[in-house]
Amino acid sequence: MTSTLPPPAAPTDTPAPPTAARRPRPRLGVGTWIAAALLGLVLLVAVIGPLIAPHDPTGVVGLPSRPPSGEHWGGTDSTGMDVFSRTLAGTRIDVAIAVFSTLLATALGIVVGLAVGMNESRRGPVGMAARGLSRLLDLLQAIPVVIIGLVVVSFFGTSTVTMILAIAVILMPIQARLTRTEVLRVRGDAYLDAARQAGQHELRVIVKHVLPNSVRPALLNVSVILGISIVLTAALGFLGVGLPPPTPEWGSMIAHGAGDAAVGKWWSAGFPAAALCITVASASVLTHRFTVNRVG
Amino acid sequence: MRLLRQRPAADPVGDRGLVQITGESLEKTFVVNRARHRAVAAVDVTIGSDRTIGVIGESGSGKSTLARMLSGLEQPDGGTLDYNGVPLGHHLASQTGRRDFRRAVQLVSQDVSSSFDPLRTLRDAVRTPAMVLCGLESAAADQRVDEVLETLQVSPAMADRRPHEVSGGGQRQRFAIARALVVRPRVLLCDEVVSALDVSVQGAVLNMLKDYVEQNRAGLFFVSHGIPATAFLVDELIVMQDGEIVERGSTDEIVDRPQHEYTRFLVAAARRSGRIEVVAS
Amino acid sequence: MTPAVPTAAPDAASLLAAVRRQRWWALRVLVLPIHILVFALIAFFLVRLIPGDPARAIAGPDATPETYEAVRAQLGLDGSIWTQLGHYVSGLVRFDPGTSITNGRPVFDELMARLPGTVELAVVSFVILVLASLLLSLVVVLAPRSLDARIVSGYSQAAGAVPDFVVGVIGILLFYATLQVVPAPNGRTRPGLQEPDPITHFPLLDSVLAGRFAVTSSILSHYLLPIVVLVVSLAPLLLKQLLGALGPAAEDRATLFRIATGTPRRKVVVSIYRRALPPTIAVFGTIFGTLLGGTVIIEQLFGLGGLGTYAVTAVAGLDFTALQGTLVLVAAISMIVFLLSDVTTMLLDPRRRPGVRGSGS
Amino acid sequence: MTEHPVPGPRPAQRLGTPTGPLLEVRGLTVGYPTPDGESVAVRDAALSIGVGEQVAFVGESGSGKTSLAMAVAGFLGGSARVTAELLAFDGVPLDRNPHAGVPRRTPGMAVVFQDAMTSLDPVWSVGSQLTTVVRSATRCSRREATERAREWLVRVGLTDTRRVLRSRPYELSGGMRQRAMLALALAGTPKLLIADEPTSALDASLSRTVMELLRELATETGTSLLIVSHDIRLCQEFSDAMVVMYHGAIVDAGPSAELERTATHPYTRGLLRCVPDLGARHAHRLPTLDTVDTGVGAELVRTSVA
């Protein structure tokens, strides 16, 4: 009789099915810390930038087109304004527009995505409206944001607040579509039926179960939106329809500096371009690490 | 808040009278690949707190859709569906009617992986029906949850985990059953509740269902594709194929003298692979 | 939608069946004009919402009401907004978006003079972009742990981080100002070179058709940097999307099963791509839109004077008709590309056709 | 005949092979790295499968049966670690440490997975997939390949070959998909067919049909079968030999027909008695691992039910 045989020791946890890839969780590397530090620095400069700028960022303070020196760390541009001071001061404007337009676009997008996703397959006018809105979100996706930006910004006028509104409206469809896709996935899950069976009102089911389970992609996408928003602000400034000069704004600074760059004077475009790239890249690196860590 | 004010009076022993759901010529059609697919066609069925009925049939035979319609989660496209003689639609239209019905009739569905909100604890899921449907306060609801979990042989400590932190479909399925039993329904609808479980766990879950039904004199509507487990639980059997009922009768009748081809195949297969053995009661 | 009409002739029946089979793409083509029209209406109202009164701007602040009204009438801005809408829509249907408010020239002609240059640059860049991304992704699929693959994935992570105009400025600084390997960023040809008479209005194509190869090579050398800039700044976007889809497709059960049944390696890779491409192609439309937007900016930077310059001038001059026309045109192009990418997607993966459900037993 | 794996080297188990062993495994262990050390899915497994033999791995979820089969097939995910004293197929030793990237096939081995819906390539027609397999196996002309593809479909019971060849997997019913999958797996004329839970996505009647078909075709073509299943009763009926796994170890092995009698491990015996049968309808309670008399204390039961 083998009843004395001890049962084999149980493994500590149930192994995952072998075909479902099991990746080791990547550790936060040096790159992540650098990115976080850089982004922190950008945010700090956004708050105190204009205070620590060595020169008046909106005035002519020296001879035009001087290379970087002890007096002008970033040199001067073709009108004689201090590039370094303008780059510092521009941080506040570009980052403020980006942060607020991203928050607004995400909030709006989540609400629209939820409304569309939950009602799309309904019969009757509500369903039709939801399907129409869904189509419209798809269509807007096809049109270049820069072109829509050109028109919408000119409609809203060019002040920081109106730029925020305009960019939020332009970027909202991206977040709405992401949320909608997720809602469509969650909508069939059995726990929603269970919540309905527990006697909860449909609206409560949506707020308590659908919303928390479908916002993740949109939230993870926030830094992408942030990047697009910064680039879009700068691109509009670059095209000359953004904030009017002499407001220190990276895009318009790069546009003005482009002519200098063609004759080898790199600094007037170089400093704002570097600031722009550092901001967008560090945000994007952070998202990437964050996403991989969560999914892995 | 409106939800709070309209709580039904606390303690829920409630009316133990007969509860009955009658469906007549029920129909349900889905559109698949632009073609209309009749999931359920002209089905007459009456379930109630006084009977235990099993439904067997292959996948796609419409048995799950039937259970969902009887639970009020899916609307039939045709036919009538009455709850205690009143159209179910009327009941579901008002908040009190909806709660009355949900307290009396609960469905446990087959989906083991998505039957709990991944972001919330299992306790939250099991407690919600006790609070909303029975009007229990938070502490009383927790106590009720613990009681139910105990009868289902689940450690209450496990309830404070999230669904993915509980390993094994068996445990999760017990919580799904607890969520339905916590309101002490008069009729329990089960849709393939053990098919995804390991054999060693199936028996325990089936025993618990049988205990509940016997101890509370509740009704059962048990949907499954396996004959032996279904026969253990119910007095009457319905056999479905392509959305229609092809055979119905008492369990013994059907097991001993299957008429329809499909039923005969199933019974023969069960006989061939199984040993006939009765465990002393 | 199509009523099942019982037909006497078998020919008609088979024709009907054929139509039904092709309905998935035919419907999309049919609704395209409607979509463009919807967008045209949006553009109309959007433009009307722009604060500012072009008539007042042209007539001047001291103009008498009579002069002002005359200017308004001349600009086509008299009458109610609905009359204007009527004019606008009836014009659009005849492919006539009206005449420019600021210079009086037909918007259609102006757009047609500028559009081909922009489209040419965008299309050439797009083709190179797609080919480059596909080739780079192959490296990752075949040897995911190699150094090359890591470099490619790292590059794809740069998606959106370095805007095209920044790449453009760096490119000009590096390759024109410093290394002097590309011509000056101001124009499409060497100054003084006579461009051939327009045949198709696409500058590069025209120079080839006219046999003016000196012009062709000049245009090519002027296009080189803009194209490289567009491809380098947009490739990460496409690569990221592509790699994101290829990874799961390579690990998919379907891939394993094809390998397990003994399918040749080449076919397995093709199969992985065919399953992974649809979601990528679905974003081709968006990426082409981004590319078109990028082209508009790059044209400004390199002095190529295409659609971008026109739109910017129109915004600055409150030129309603020009703006409307530009918007509708860009939308139409984007939607056609969007439609093409959708249809390609549905060709590759029939489950994506409307009304077909992948699952369901 | 049956032998429990005990630590230390020992000969491979022979499962009554008609001719020589096709697959030989000794001391095979599969581990997955986790944040707190390695989690062992299969420990020290030993078995051999002869030519034409039909063997079933049974056990419950997490018992390691799928890990073992996939380690043999070489389809484990990237992070798994496989060590073996001996792992030889058709006389050739195999290296099963998974390399990154698209895995390669072991010649002579075919694998079918649980769900035909996700296994079949959704974007290609069944015909295209099938002729590709036939052509790579026999290097024949396109026309000839189509003809053989047709023959294979008929053999698995899909007689409407014109329609099936043209169809994409999602256009077929569940049963037809399962049959098409078998045709694809066998068309490459493998020596060993590994079937990972071929019936668990199917209902009771279809399960039997598929198992019958699988056994019939394997017998006909002389292919050895390795079936992974949780359905102990079904395997008893449709396999020559069974290997029972429990918590990563092989606890019982032997001819299927005699398993009831020869099973020595309490888990196997408990499991065999837990399966409900038609007699259950007269029972008051179903037997569970706790209640059946397996000859051991409750310790085993607690760990297995969790």
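The values are calculated or read from the model by the stated rules, or taken from the named source; none is laboratory data. Note that this is a predicted model, so its numbers are computed, not measured. As a convention, Cβ positions derive from the backbone with ideal geometry for all residues, glycine included, and neighbour counts pool all protein chains shown. Calculation scope for accessible area: heavy atoms of the full protein, side chains included, ligands and nucleic acids excluded. Shrake-Rupley method; radii C 1.70, N 1.55, O 1.52, S 1.80 Å.
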- On average, how much accessible surface per residue is there in chain D, in Å², for a 1.4 Å probe, leaving out ligands, DNA and RNA? 37 Å²
- Task: May I ask you to derive the FRET efficiency for residue A:51 and residue A:30 from their Cβ-Cβ distance with R0 = 22 Å, giving the value to the nearest 0.05?
- Result: 0.10
- Note on the structure: Per-residue accessible area, 1.4 Å probe, largest first, puts D:232, A:148 in the order A:148, D:232
- At R0 = 22 Å, FRET efficiency that the Cβ-Cβ distance of residue C:30 and residue C:123 yields, to 0.05: 0.30
- Mean Cβ neighbour count within 10 Å, used as a protection proxy, ranking B:58-70, C:166-178 highest first: B:58-70, C:166-178
- Query: By how many nm would the segment from residue D:212 to residue D:200 lengthen if fully extended, with 0.36 nm per residue of separation less the alpha-carbon distance?
  - Reply: 2.8 nm
- Virtual spin-label span in nm between residue C:155 and residue B:80, 7 Å along Cα→Cβ: 7.2 nm
- Message: Below 8 Å between Cα atoms, with a sequence gap of 6+, how large is the relative contact order for region C:107-215 in percent?
- Response: 25 percent
- Leaving out ligands and nucleic acids, note down the accessible area per residue over region C:83-159 with a 1.4 angstrom probe, in whole Å². 51 Å²
- Query: Measuring with a 1.4 Å probe in the full set of protein chains, what accessible area per residue, in whole Å², belongs to region A:161-275?
  - Reply: 32 Å²
- Task: Mind running the shape call on region B:147-227? Use the C-alpha gyration tensor, a ≥ b ≥ c as the square roots of the eigenvalues: rounded below 1.5 for a/c, prolate if a/b tops b/c, oblate otherwise.
- Result: oblate
- Message: How many Å² of accessible surface get buried when B and A come together, counting both sides, probe radius 1.4 Å, rounded to the nearest 100?
- Response: 1700 Å²
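What's the carbon and sulfur percent of chain D's accessible surface, probe 1.4 angstrom, rounded to a whole number?
50 percent
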- Query: So which residues of region B:60-104 lose at least 40 Å² of accessible area, probe 1.4 Å, when you go from the chain by itself to every protein chain present?
  - Reply: B:73, B:98, B:102
- Item | Area buried, chain B against chain D - accessible surface, total, 1.4 angstrom probe, square angstrom | 3400 Å²
- Message: Restricting to DSSP loop positions (anything but H, G, I, E, B) with no more than 12 other Cβ atoms inside 10 Å of their own Cβ, which trypsin sites (Lys or Arg not before Pro) remain in region D:110-202?
- Response: D:139
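How would you order D:65-76, C:298-309 from highest to lowest mean count of nearby Cβ atoms within 10 Å?
Ranked from most to least packed, the peptides come out as D:65-76, C:298-309.
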- Item | Interface size C-A, as summed buried accessible area [1.4 Å probe, Å², nearest 100] | 3600 Å²
- Could you please state, rounded to a whole Å, how far the C-alpha centre of region D:40-84 is from the C-alpha centre of region D:122-162? 30 Å
- Query: To the nearest 0.05, what FRET efficiency results for residue B:50 and residue B:92 with a Förster distance of 30 Å applied to their C-beta separation?
  - Reply: 0.85
- Query: With every protein chain kept in the model, how would you rank D:288, C:286 by accessible area, 1.4 Å probe, largest at the top?
  - Reply: C:286, D:288
- Note on the structure: Diffing region D:125-132: the Karplus 3J(HN,Hα) column from phi (6.51, -1.76, 1.60, θ = phi - 60°), in whole Hz with x for Gly and Pro, holds 6, 4, x, 5, 5, 6, 5, 4
- Task: Have a look at C:344, C:261, C:102 and tell me which one the Gaussian network model of chain C (Cα, springs below 10 Å) gives the largest fluctuation.
- Result: C:261
- Message: For the full complex of protein chains and a 1.4 angstrom probe, list B:217, A:92 by accessible area with the highest value first.
- Response: B:217, A:92
- Query: What average count of beta carbons from other chains do you get within 10 Å of the Cβ of residues in D:118-131?
  - Reply: 5
- Query: If you count, for every residue in B:144-154, the Cβ atoms of partner chains within 10 Å of its Cβ, what is the mean?
  - Reply: 0
- Taking a ≥ b ≥ c as the square roots of the eigenvalues of the Cα gyration tensor of chain B, is the shape rounded (a/c under 1.5), prolate (a/b larger than b/c) or oblate? oblate
- Where the accessible area of chain C is counted over protein heavy atoms with a 1.4 Å probe, how much of it, in %, is carbon and sulfur? 68 percent
- Message: Could you give the length gained by full extension between residue C:87 and residue C:343, i.e. 0.36 nm per residue of separation minus their alpha carbon distance, to one decimal place?
- Response: 88.8 nm
- Message: With both bridge residues required to lie in the protein assembly as shown, what share of the DSSP beta bridges run antiparallel, to the nearest 5%?
- Response: 60 percent
- Would you please classify the overall shape of the protein assembly as shown from the alpha carbon gyration tensor, given that a ≥ b ≥ c denote the square roots of the eigenvalues, rounded means a/c under 1.5, and beyond that prolate means a/b larger than b/c while oblate covers the rest? prolate
- Item | Amide N of region D:193-220 lying under 18 Å from the label point, which is placed 7 angstrom from the Cα of residue D:154 along Cα→Cβ | D:217, D:220
- Determine, at each q value in 0.19, 0.20 (inverse angstroms), the log₁₀ of I(q)/I(0) that the Debye formula gives when each Cα of region D:23-91 is one equal point scatterer. -0.76, -0.83
- Using a simple spin-label model with points 7 Å from Cα along the Cα→Cβ vector, what separation in nm is obtained for residue A:159 and residue C:193? 4.9 nm
- Message: Compute a Gaussian network model of chain C, connecting alpha carbons closer than 10 Å, and tell me which residue from C:98, C:293, C:154 fluctuates the most.
- Response: C:154
- Which residues does a label at residue B:138 reach in region B:153-174, if reach means a backbone N under 19 Å from a point 7 Å past the Cα toward the Cβ? B:157, B:159-162
- Item | For region D:221-263 versus region A:135-152, the gap between their alpha-carbon centres in whole angstrom | 62 Å
- Any residue on another chain or 5+ positions along whose placed amide H is under 5 Å from the amide H of residue A:79 is listed here as A:65
- Item | chain A: relative contact order as a whole-number percent, Cα under 8 Å and 6+ apart | 24 percent
- Message: Can you compute the helix-only [θ] at 222 nm over chain C? Use -39500 (n - 2.57) per DSSP H run of at least 4 residues, normalise by all residues, nearest 500 deg cm²/dmol.
- Response: -23500 deg cm²/dmol
- Message: Given a 10 angstrom Cα cut-off, can you work out which residue in B:127, B:257, B:144 is the most mobile in a GNM of chain B?
- Response: B:257
- Scoring chain D by relative contact order with C-alpha pairs under 8 Å, at least six apart, yields a percentage of 22 percent
- Considering only protein heavy atoms and a 1.4 Å probe, what is the carbon-and-sulfur percentage of the accessible area of region B:161-252? 38 percent
- Find out how many positive minus negative residues lie around residue A:66, taking Lys and Arg as positive, Asp and Glu as negative, among other residues whose Cβ is under 13 Å from that of residue A:66. -3
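Let me know the mean shielding of A:212-221 by other chains, meaning the per-residue number of their Cβ atoms within 10 Å of its Cβ. Present the calculation step by step, with values, prior to reporting the outcome.
Details: counts 4, 4, 0, 0, 1, 0, 0, 0, 0, 0.
Partner-chain Cβ atoms within 10 Å, mean over residues of A:212-221: 1.
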- Restricting to chain B, what percent of DSSP beta bridges are antiparallel, rounded to 5? 55 percent
